[in-house]
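Below you'll find the structure, written out as structure tokens, and then a few comments.
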Amino acid sequence: MTGRKLVVEADGGSRGNPGPAGYGSLVRDALTGEVLAEHARSIGRATNNVAEYRGLIEGLRLAAELDPAARVEVRMDSKLVVEQMSGRWKIKHPDMVPLALEAREIAGTLGSVTYSWIPRNRNAAADRLANEAMDAAARGEEWERAEREPAPAAAPGWSPATTEPTTTLLLRHGETPLSVEKRFAGTGDVPLTENGLAQARAAALALKDRRIDAIVTSPLARCRATAEAVAAATGADVRVEDGFRETDFGAWEGLTFREVGERDADALAAWLADPGVAPPGGESFAHVARRVDTALDKLMVRYRHRRVLVVSHVTPIKLLVRRALGAPVEAVYRMHLDVASLSSVRWYDDGPASLHAFNDTHHLR
């Protein structure tokens with residue numbers, strides 16, 4: 001089936017090169033010129049070219065969300081990006097290669113994609129968004145603006161979906177030395193215990209006869225070891241997705257709740273009360289939610305209508321569940337998730353998502 005014609009306009013830049021950077025992307029209906037979606041984000045310190053590629057990637061992702069079968073024309077004022085993505089110029093800088101590959105991977109899921117260079121004055125909308133993001137980056141802010149074409153209003157209560165779902169099986173990694181002692185375990189690369197390895201094998205045995213088309217894992221060692229056990233049992237390929245890594249707990253890494261409370265009770269109370277508050281030197285749950293949402297969006301494009309095992313951590317899995325339920329980020333405070341537990345969510349193209357299992361540990365008994 002041929003999709004509708006969409007136009008992606010994207011831009012990015014930095015104050016200095018490198019310097020405080022950001023990007024802006026939008027998607028228009030090619031016939032009416034109506035803006036269907038837009039997104040802008042500050043990305044910290046980066047070069048102009050990195051920011052431009054990030055804008056392209058986001059624009060393609062937005063188009064894929066709107067219509068996976070769309071015929072897309074990308075318009076940018078970056079001659080470099082347009083010529084490289086069109087295949088006329090070689091990509092020589094190592095920082096550009098993975099970005100170009102990611103853009104091509106998303107483009108490959110669309111009906112068709114062409115690239116056109118336009119002068120800056122014809123790229124004013126994306127340029128404005130990118131400049132807002134750069135201004136925020138220069139102020140040291142994590143800033144984001146996102147708007148989407150309104151979805152059709154859902155009927156109250158339950159209504160059946162009409163499309164084949166993309167299914168995510170969500171597996172928390174096995175036990176670690178820090179989980180045994182109930183310590184904050186964030187981005188530190190702690191290994192599985194012997195019991196944790198046994199739990200990973202038990203999960204693999206439970207999944208052996210279930211259809212799994214791919215495995216996507218957090219880059220951290222405890223998840224990769226768990227994913228490898230399942231891959232050995234199922235034969236599924238493993239892909240690493242950085243967006244599914246655990247929260248960075250900053251100065252609290254390796255401490256217990258009691259130890260943090262004794263050292264900084266006010267900071268702990270603020271963190272427990274507000275998902276927008278980060279531990280000292282760490283990430284807020286609100287920030288983690290944004291990158292988990294982006295990782296899920298990428299998964300939905302790459303593995304549309306397939307069954308994917310996501311091997312991750314407490315916070316990302318809870319955030320995926322709260323997205324499925326349409327709950328606020330604060331919902332993470334109301335969930336309990338055991339090590340090596342399984343949950344399952346089905347995501348439908350026409351809007352609804354369905355939680356089919358949560359914190360299932362029967363395979364560990």
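Numbers for the structure displayed
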| read-out | value |
| --- | --- |
| Filtered residues of segment 323-346 (kept if assigned to a strand (DSSP E or B) and more than 19 Å from the chain's Cα centre (by Cα)) | Leu342 |
| Only listed residue being over 25 Å from Val329 (Cβ atoms), assigned to a loop (DSSP other than H, G, I, E, B) and out of contact with any Asp or Glu (no Cβ under 6 Å at 6 or more places or on another chain), chosen from Ala236, Ala231, Ala225 | Ala236 |
| Residue within segment 261-279 that is in contact with a Leu (Cβ under 9 Å, 6 or more places away or on another chain), free of Cβ contacts under 8 Å to residues at least 24 places away in the same chain and of a type in the set (Val, Ile, Thr) present | no |
| Count of residues meeting criterion [acidic (Asp, Glu) and within 19 Å of the chain's Cα centre (by Cα)] in segment 99-148 | 5 |
| Any hit, segment 301-319, residues being part of a helix (DSSP H, G or I) and more than 19 Å from Phe358 (Cα to Cα) | yes |
| Hits in segment 181-195 (condition: touching a Lys or Arg at 6+ places or on another chain (Cβ under 7 Å) and crowded, with 16+ Cβ neighbours inside 10 Å) | Thr187, Val190, Leu192 |
| Subset of segment 156-193 (residues that are out of contact with any Pro (no Cβ under 8 Å at 6 or more places or on another chain), modelled with pLDDT of 95 or more and of a type in the set (Val, Ile, Thr)) | Thr167, Thr168, Val180 |
| Filtered residues of segment 261-299 (kept if more than 8 Å from the chain's Cα centre (by Cα), acidic (Asp, Glu) and outside any loop (DSSP other than H, G, I, E, B)) | Glu262, Asp266 |
| Some residue of segment 224-246 being farther than 30 Å from Leu110 by Cα, within 13 Å of the chain's Cα centre (by Cα) and crowded, with 19+ Cβ neighbours inside 10 Å | yes |
| Sole exception among (1) within 30 Å of Val277 (Cα to Cα); (2) buried (at least 16 other Cβ atoms within 10 Å of the Cβ) for Glu144, by number | (2) |
| Some residue of segment 75-83 being in a strand (DSSP E or B) and surrounded by 23 or more Cβ atoms within 10 Å (Cβ to Cβ) | yes |
| Number of positions in segment 37-60 that are farther than 20 Å from Asp95 by Cα and out of contact with any helix residue (DSSP H, G or I) (no Cβ under 6 Å at 6 or more places or on another chain) | 1 |
| All positions within segment 193-213 that are basic (Lys, Arg) and in a helix (DSSP H, G or I) | Arg201 |
| Some residue of segment 254-262 being modelled with pLDDT of 95 or more, touching a strand residue (DSSP E or B) at 6+ places or on another chain (Cβ under 6 Å) and not aliphatic (A, V, I, L, M) | yes |
| Arg210, sole failed condition from (1) surrounded by 20 or more Cβ atoms within 10 Å (Cβ to Cβ); (2) modelled with pLDDT under 95; (3) not aromatic (Phe, Trp, Tyr) | (1) |
| Unmet requirement for Glu142, which otherwise passes all of (1) out of contact with any strand residue (DSSP E or B) (no Cβ under 7 Å at 6 or more places or on another chain); (2) farther than 27 Å from Pro68 by Cα; (3) in contact (Cβ under 8 Å) with a residue 24 or more places away in the chain | (1) |
| Test: residue in segment 326-339 that is of a type in the set (Ser, Thr, Tyr) and closer than 29 Å to Ala63 by Cβ | no |
| Members of segment 283-311 found to be touching a strand residue (DSSP E or B) at 6+ places or on another chain (Cβ under 7 Å) and either crowded, with 20+ Cβ neighbours inside 10 Å or without any contact (Cβ under 8 Å) to a residue 12 or more places away in the chain (or both), listed by number | Leu299, Met300, Val308, Leu309, Val310, Val311 |
| Ala200 being surrounded by 17 or more Cβ atoms within 10 Å (Cβ to Cβ) and either aliphatic (A, V, I, L, M) or not assigned by TED's automatic domain parsing to the domain that holds Pro98 (or both) | yes |
| Yes/no for Ala125 being over 17 Å from Val50 (Cβ atoms), surrounded by 14 or more Cβ atoms within 10 Å (Cβ to Cβ) and of a type in the set (A, V, I, L, M) | yes |
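Every residue, every condition in (1) in contact with a strand residue (DSSP E or B) (Cβ under 8 Å, 6 or more places away or on another chain); (2) of a type in the set (Lys, Arg), yes or no:
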| position | (1), (2) |
| --- | --- |
| Leu178 | no, no |
| Lys182 | yes, yes |
| Gly186 | no, no |
| Pro191 | no, no |
| Glu194 | no, no |
| Ala203 | yes, no |
| Leu207 | yes, no |
| Asp213 | yes, no |
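The values are calculated or read from the model by the stated rules, or taken from the named source; none is laboratory data. Note that this is a predicted model, so its numbers are computed, not measured. No Cβ is skipped: glycine too gets one built from the backbone with ideal geometry, and neighbour counts run over all protein chains shown.
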